[in-house]
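First up is the structure itself, then whatever we jot down about it.
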Amino acid sequence: MPSAAGPVAVASAAAKAPATPAVGISPELYPSEDDLPYEEEILREPFKLKGWWRYLVARAAAPFAKRAVIYERSLKALPGSYKLWHAYLRERLDHARPHPIDHPAYSSLNNTFERALATMHKMPRIWVLYLTSLLDQRLLTRSRRAFDRALRALPVTQHDRIWPLYLRLASFPACPVETSLRVFRRYLQFDPSHAEDFINFLISASRWQEAADRLASVLNDDGFRSVKGKTRHQLWLELCEILTKHADEVAGLKVDAILRGGIRKFTDEVGKLWTSLADYYVRRGLFEKARDVFEEGVSLVVTVKEFSVVFEAYTQFEQSMLAAKLEAAEEEGAEDEDGGGGRKNGMDKLSKKFLDEFWLNDEDDTDLRMARFERLLDRRPELLSSVLLRQNPHNVEEWHRRVKLFEKDPARQVATYVEAVKTVDPMKAVGKPHTLWVSFAKMYEKHNRLDSAEDIFKRATQVNYKAVDHLASIWCEWAEMELRHSNFDKAIELMRQATAEPSVEVKRRAAAEGNEPVQMKVHKSLKLWSFYVDLEESLGTLDSTRAVYERILDLRIATPQIILNYAYLLEEHRYFEDAFKVYERGVKIFKYPHVKAIWVTYLTKFVQRYKRSKLERARELFHEAVQQAPPDEKRPLYLQWAKLEEDYGLAKRAMNVYDEAVRAVPNSEKMAMYEIYIARAAELFGVPRTRQIYEQAIESGLPDRDVLTMCMKFAELERSLGEIDRSRAIYVHASNYADPNNSDFWKKWNDFEIQHGNEDTFREMLRIKRTVAASRSQTHFILPEYLMQRDQRLNLDEAVDTLKRAGVPEDEMAALERQLAPGPSTAPPAAPSAAPASANRMMNFVSAGVEAQAESSRQQAANNEDIELPDESDDEEPDVQIAEKSVPAAVFGELGKRAAESQEESSGAQENEQLGALERIKRRRQ
């Protein structure tokens, strides 16, 4: 107690009675008047941290020396205070950090740390600060000893805070390697999972032996997990690299066994491991052993990528060996030129004297190494083929490519074929396995070894293939080989043997085994029967050929082409009825679309054979054919039927066929069928007969576009016959299907009215055109009366212009305008005026029902919804010319006769003369 309060009492006395300060103590370190409250507090309670801490906080801006005095006094009173020691050490660190490492401040800092650790040796933060400071000062020995003390003082649970700093010390370049190794070994005892750090250090320190041992132990530990995320495969590669590149420095490990174990375990880097193993033997100087490893590698890798790696390393090895030998030979030659041969000892001379004649003692093996290198390059395609076959030994195409590699070596080809047929499993084969047997047999045939080729074919027929077609191809190839050597009877016998049905006993045995081979089903192979029937047609008799065809039909494996071929064969031998029976069987067996060719051929042949003699039978055949045919296939049959009726039957029946056809064919073909129907009707019965066909076509439900086309053709027909009214009525009906933008239809109607119509019919055409446009538009307008009147005046003006262009004098046109054009205030004519108008109508005036339409419009005048839209100038033709052309009397037909009977004047016969549009207008004016 007195010792703690002594400095405070002295400071208080010094403050009250200033005296000369002691020697060596700066006056600034003594307490000032501002410090008296804090000095009195710590004087009263010197062992309480609160007073000392207030004093330090209050003097935070004081110089470090003065604060150090306060820290020292407080720590003397409270040596076990962690808070005071930690704050004091931090301030000392900050104070010493700006100075060089050899400054006395660091020495004082280290002493302070040592004094603190006397009581704070269980505080890891104090140790961390101390050890970090020692590392910064590069005091290796003192740091190592401090680390050891820290690890001994702290519990094991807190060692993880010390070891990172300790490893940092071991990683210093100035740290001895032995020291670092000992540190890492101790660390692995604390945490074995960081073995990779130790291994990396060993590699950086070139301690290859221990690095290899550590890597091997890590790989042998199944529970090891890399903290750096490395896979076991990467660790294997690191070990292989150490063992191969530093083979002379690593001992005690079975390198060959380790690398081969990696090859078996890690299949994705096999090429690199094989190369590493060969490199190991190369560095050991065992070149022949390295060559054996390379050979083993190229014969065991299973991917093209790994093969490329090993083969490239192999070629580099051979090339380097050759280059080294050439370089050594050049150096020996230079030594011989310099007289180096005289310096050989007597033993060398003696050995050369006795062993010079032996080829095994020949040191110049340059030619041998050159031959090895060339042989290796020549073997590359063969080795690559072996790799591909190791990937998939059932690849048929690869076996064929391998055989082609030995074109100049038949013995190797035979050995390859034998290996191929033994290796390839037909059930797993990629490709057609039977081609191997065929190519094998053809190779013997090429060398005139037919007996061996037959043996191969015989063995091939006993193989259980995956598909029946493969076995059938074997039989066909065997028969073709016999045909090439003119053994015709044997070829037919082979086909007869191949198509023979197995016995009941054989079938029962195969069913009991549960796995039915293809040999039990080959007798139904169409390919085999087709080849057989071709042989019989070429080499056999008609009866034998017919027997084969009948057998095909009985087995129900016939195709439409087989039916046709059978029928052609009978027709060639003039068995026509038998041929037709074959056709009948064919059309009963097959359905559409396969039976189409049979029906067409059957009907064609039947018509050509019998013509009109069996017409009823032919009609029955056609009827049956069109009944079976789908709608899209009926058109050619109907045309063929109609052609029969036209050539050998009745025209009326032909028309019935056409009429049935247009109803049976699909909508897409109806238009074309109607065109054919109309053309044939016009040719057989004349043009008037086509009217009802046109009407039927228009009402048959064709698309609007086709209906419009048909109407235009119908109208043109009526115009050509002189029926102008009928033609105009057809145009009016067609307008219901016409698009206002269809310029072709409206232009034809316009040309028709110009040539055959008058002012009223032309206006009617324009009105219908506007009505169609309005009905198809989405906007309707209600025009006032004055606009309608204006439109009428415009139409009248246009008519006057047309007459003027036609050559009518102006005075006549003016009179005509006054008579025909009512004024704006003129009332509409009364109903009784219609009778005189009809009475005054000229005989050759074709009204097309305009008056009737006018009467019906007056009767329906009460309907306000029927609004006549005004004529628009854009819809009318500006260059309308009314032609004055003679109209034949035949045009009016019965109408002309009725008009003649209604005429009261005897001069009516003269009124039948042809009048133009201008003359009709003049007569109406009169």
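The values are calculated or read from the model by the stated rules, or taken from the named source; none is laboratory data. Note that the coordinates shown come from a computational prediction; the quantities given were computed from them, not determined experimentally. Glycine gets a Cβ as well: all are built from the backbone with ideal geometry, and neighbour counts include every protein chain shown. Calculation scope for accessible area: heavy atoms of the full protein, side chains included, ligands and nucleic acids excluded. Shrake-Rupley method; radii C 1.70, N 1.55, O 1.52, S 1.80 Å.
From the alpha carbon centroid of the range 266-308 to that of the range 119-165 is 51 Å.
Compute, for K591, the solvent-accessible surface of its heavy atoms (probe 1.4 Å) with the complete set of protein chains present, and express it in square angstrom to the nearest 10. Roll a 1.4 Å probe over it and K591 shows about 140 Å². When a/c is below 1.5 the answer is rounded, else prolate if a/b is larger than b/c, else oblate, so apply that to the range 382-492 with a ≥ b ≥ c taken from the square roots of the Cα gyration tensor eigenvalues. In terms of gyration-tensor shape, oblate.
Checked against a 29 Å cut-off, the cross-linked pairs K432/K458; K581/K611; K408/K521; K458/K507; K591/K652 give Cα-Cα distances beyond that limit for K408/K521; K591/K652. Annotation: amide H-H contacts under 5 Å for N395 (H modelled 1.01 Å from N, sequence separation of 5 or more, or interchain): V430. Among the GluC sites (Glu not before Pro) in the range 657-717, those located in a DSSP loop and surrounded by at most 13 other Cβ atoms within 10 Å of their own Cβ are E699.
The GluC sites (Glu not before Pro) found in the range 470-528 include none that occupy coil by DSSP while having at most 14 further C-beta atoms within 10 Å.
Charged side chains reduced to their Cβ positions (Lys and Arg at +1, Asp and Glu at -1) give the range 105-237 a dipole of some 400 debye around its Cα centre. Only protein heavy atoms count here; under a 1.4 Å probe, I562 has an accessible surface of about 10 Å². Simple point charges give the picture: +1 on the Cβ of Lys and Arg, -1 on the Cβ of Asp and Glu, and for the range 518-597 a dipole about the Cα centre of about 560 debye. Distance from the C-alpha centroid of the range 209-242 to that of the range 602-667: 89 Å, rounded to the whole angstrom.
Residues whose amide H comes within less than 5 Å of that of V665, counting only those at least five positions distant or on another chain, are absent (H built at 1.01 Å from N in the peptide plane). Rolling a 1.4 Å probe over the heavy atoms of the protein chains gives the range 449-573 an accessible area of 51 Å² per residue. Here's how it looks for Y465: its modeled amide H is under 5 Å from those of V518, which are all 5 or more places away or on a different chain. Note on the range 516-674: Cα-Cα pairs beyond 29 Å make up 30% of the total pair count. Rounded if a/c is under 1.5, else prolate if a/b is larger than b/c, else oblate: which is the range 33-151, with a ≥ b ≥ c the root eigenvalues of its Cα gyration tensor? Oblate shape, in that a/c is at least 1.5 and b/c is the bigger or equal ratio.
Students often get this wrong, so check it: of K404/K466; K670/K769; K404/K442, which have C-alpha atoms separated by over 21 Å? Long pairs (Cα-Cα over 21 Å): K404/K466; K670/K769. Counting only residues at least eight positions apart within a chain, or on another chain, the lysines with an alpha carbon under 17 Å from that of K245 are K254, K272, K289. The alpha carbons of the range 470-606 stretch over 50, 38, 22 Å along the principal axes, in descending order. Cross-link reach is defined here as a Cα-Cα straight distance under 17 Å, omitting same-chain residues fewer than 8 places apart; for K50 the lysines meeting it are K76, K83. Between T141 and D409, the contour length at 0.36 nm per residue exceeds the alpha carbon distance by 88.7 nm. In this view, the solvent-accessible surface of W53, computed with a 1.4 Å probe and all protein chains in place, comes to about 80 Å². Residue-wise HN-Hα couplings along the range 201-208, as the Karplus relation 6.51 cos²θ - 1.76 cosθ + 1.60 with θ = phi - 60° gives them from phi, are 5, 4, 5, 5, 8, 6, 8, 5 Hz; Gly and Pro carry x.
Of the trypsin sites (Lys or Arg not before Pro) found in the range 128-218, the ones in coil according to DSSP and having at most 14 other Cβ atoms within 10 Å of their Cβ are R138.
Take the Cα coordinates of the range 484-565, assign each an equal point scatterer, and use the Debye formula without solvent to give log10 I(q)/I(0) at q = 0.17, 0.20, 0.27 Å⁻¹. Once normalised to I(0) and log-transformed, intensities are -0.74, -0.92, -1.31.
Here the Karplus curve 6.51 cos²θ - 1.76 cosθ + 1.60, taken at θ = phi - 60°, turns the phi angles of the range 437-442 into couplings of 5, 5, 5, 4, 5, 5 Hz, with x standing for Gly and Pro. The distance between label points at T157 and F287 comes to 6.6 nm (points 7 Å beyond Cα on the Cα→Cβ vector).
Expressed per residue, the C-alpha convex hull volume of the range 376-423 stands at 65 Å³.
Would the range 134-278 count as rounded, prolate or oblate if I go by the C-alpha gyration tensor, calling it rounded below 1.5 in a/c and otherwise prolate when a/b exceeds b/c, oblate otherwise? It comes out prolate by the Cα gyration axes.
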